[in-house]
Amino acid sequence: MPFAAWRQPRVMLWATAGVVTLGFLIALEIAARRYTGQPGPITNQAREVIFAPKPGPLYGGMALMMVVLTWRQRFIAAGAAIGIDVVFVLVRWAVDAETPDGHFFGNGALWVMLGYGVIAVTRRTGRERVLLLKGVGLGLVLVAGRKTGDTWLLITSKTRPQVLDQYVATADHALGNPSWLAGRILRATDPIGTHLLDWVYGELAVAAVVVALYQLRNVAVERRFPRHHLVRTFLVIGLLGPAIYMVFPVVGPIFAYGPGTSGTGGVQWAVANLWPDTLPPINTPHPVGYDGITPRNCMPSLHTAWAVAIFIHTRKGPRILRFAGTFWLIATLGATLGFGYHYGVDLIAGVVFALTIEAALRSLDRGWDRSGIQLVASGATVFVALLVSYRYLPMEMAEHPWVFGPLLILAMTSVVYGYVRTTKLWEPKAAPVRQPEPQPELV
């Protein structure tokens, strides 16, 4: 590529993003080894070229990569991945190699993605090379995002020995402690409700891949990616969310006030065994120590943020996709509360977090203007105000729930309303259909 081509703004943006991403992964690798003594995302990803991986993320990444391929190439890629996995499984069976539960195959998908990366560099040129590299990058970034998230969570558990659950639980009185209520309701619907919500909660990434595949279904024909799609929002939420975990470490009601119905939670570390039958008392909160294993991954609720992103990106799909997006959002909210993974105030913060990131990405695509800047600034301001209030005003919130409860809902609603109103103005206006001019009739 000539030097002048590298100076194009879009090329420079992609190059800068690549360098920043690589630098971030290297920094995370170093941090993981320093603080946890465990390998980071780069090492874990490299190991999966040979060692048994978890298949879901790898095949999900390969599915996203294949949006740039023709149907014939997709069948070849899928067949190659399955064939490589069969070979790996037979070799592991022959040498009696131990594999983690559920980690029997998946190497084939990674090999295929890497293989298409080599093909893009050596056998493609121009726009076709760029398109194929984008597809490979999309698949690998999805997989790397999962590894990065796991490393982030491990770092939070090792570097944040104290948690702020008492502050959040106290502030949650303003909402009526919905996690305690949802926990009792879910226990009453066991086992049907428990199994359904557990499946929805665990398969959130699968739902995101399905929606993304629908959005990217025309890439192979149009030979270009849409300006904005779900994968971008999903990845940015997963990248920025754990940074908030470091600032506001919270483990969740089932761990801080458990063990609860699911039989999890460190009883020896819990503040008290209250969830979900007894509401926590309103006392002056203070930080409490917790174990070095449980992730501090509550504030904000990223499951809520991801479910909101799925809901937003299904609004322009067919009816069944819109229904699925709505169901996934409602079921995810029920699961986060019912299983005791989150407090109610976590969910409010998660909704605001998701809408702010979605607004920022859409503004970046269409060009920043006054409406986009105002929307992102208002969302960020509300999000920071929520965190500050949870940390420094929990007693006031608990003692005056009829004031602060509506204020929390109003703050979230203002961001939702602002997003809907502003993005409607961004939608392209349909050109009016020109009516044919009347022609004089022949007499």
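The values are calculated or read from the model by the stated rules, or taken from the named source; none is laboratory data. Everything numeric here is computed off the predicted structure, so don't read it as measured data. In this analysis, Cβ positions are derived from the backbone assuming ideal geometry, glycine residues included, and neighbour counts consider all displayed protein chains. These area figures cover heavy atoms from the full protein model, side chains too; ligands, DNA and RNA do not enter into them. Shrake-Rupley method; radii C 1.70, N 1.55, O 1.52, S 1.80 Å.
Please enumerate the residues belonging to the range 137-155 that are open to solvent by 40 Å² or more (accessible area, probe 1.4 Å), closer than 18 Å to Gly108 by Cβ and at pLDDT 85 or above.
Matches in the range 137-155: Leu140 only.
Look at the range 61-77 and say how many of its residues are part of a loop (DSSP other than H, G, I, E, B) and among the polar types (S, T, N, Q).
Selection size over the range 61-77: 1.
Would you pick out the residues in the range 78-134 that are in a helix (DSSP H, G or I) and β-branched (Val, Ile, Thr)?
Correct list: Ile82, Ile84, Val86, Val87, Val89, Val91, Val112, Val118, Ile119, Val121, Thr122, Val130.
For the range 204-219, check the following and say yes or no: at least one residue is without any contact (Cβ under 8 Å) to a residue 12 or more places away in the chain and small (Gly, Ala, Ser).
no
For the range 127-134, check the following and say yes or no: at least one residue is open to solvent by 10 Å² or more (accessible area, probe 1.4 Å), at pLDDT 85 or above, over 22 Å from the mean Cα position of the chain (by Cα) and β-branched (Val, Ile, Thr).
yes
Filtering the range 293-314 down to residues that are assigned to a loop (DSSP other than H, G, I, E, B) and hydroxyl-bearing (Ser, Thr, Tyr), which residue is surrounded by the most Cβ atoms within 10 Å (Cβ to Cβ)?
Residue satisfying both the conditions and the ranking: Ser301.
For the range 379-402, give me each residue that is open to solvent by 50 Å² or more (accessible area, probe 1.4 Å) and either more than 20 Å from Leu279 (Cα to Cα) or without any contact (Cβ under 8 Å) to a residue 24 or more places away in the chain (or both).
Matches in the range 379-402: Thr381, Val384, Ala385, Val388, Tyr392, Glu396, Trp402.
Quick one: which residue in Lys424, Lys429 is open to solvent by 100 Å² or more (accessible area, probe 1.4 Å), over 21 Å from Val250 (Cα atoms), modelled with pLDDT under 95 and in a helix (DSSP H, G or I)?
Lys424
Provide a single number: the residues in the range 135-162 that are part of a helix (DSSP H, G or I) and either under 30 Å from Pro287 (Cα atoms) or touching a Phe, Trp or Tyr at 6+ places or on another chain (Cβ under 6 Å) (or both).
Adding up the residues that qualify gives 15.
Of everything in the range 323-375 that's of a type in the set (Val, Ile, Thr) and without any contact (Cβ under 8 Å) to a residue 40 or more places away in the chain, which residue is nearest to Val231 (Cα to Cα)?
Thr326
Per-residue answers, yes or no, for (1) over 22 Å from the mean Cα position of the chain (by Cα); (2) open to solvent by 60 Å² or more (accessible area, probe 1.4 Å):
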site: His173; (1), (2): yes, no
site: Gly176; (1), (2): yes, no
site: Trp180; (1), (2): yes, no
site: Thr189; (1), (2): yes, yes
site: Ile192; (1), (2): yes, yes
site: Trp199; (1), (2): no, yes
site: Ala205; (1), (2): no, no
site: Tyr214; (1), (2): no, yes
site: Val219; (1), (2): yes, no
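Could you look through the range 332-348, keep only residues that are in a loop (DSSP other than H, G, I, E, B) and open to solvent by 10 Å² or more (accessible area, probe 1.4 Å), and pick out the one that is farthest from Leu197 (Cα to Cα)?
Looking at residues that are in a loop (DSSP other than H, G, I, E, B) and open to solvent by 10 Å² or more (accessible area, probe 1.4 Å), I get Tyr341.
Could you say which residue among Val121, Val95, Val91 is without any contact (Cβ under 8 Å) to a residue 24 or more places away in the chain and open to solvent by 90 Å² or more (accessible area, probe 1.4 Å)?
Val95 is the lone residue from the list that is without any contact (Cβ under 8 Å) to a residue 24 or more places away in the chain and open to solvent by 90 Å² or more (accessible area, probe 1.4 Å).
Among the residues of the range 208-219, is any part of a helix (DSSP H, G or I) and charged (D, E, K, R)?
Looking through the range 208-219, none of the residues is part of a helix (DSSP H, G or I) and charged (D, E, K, R).
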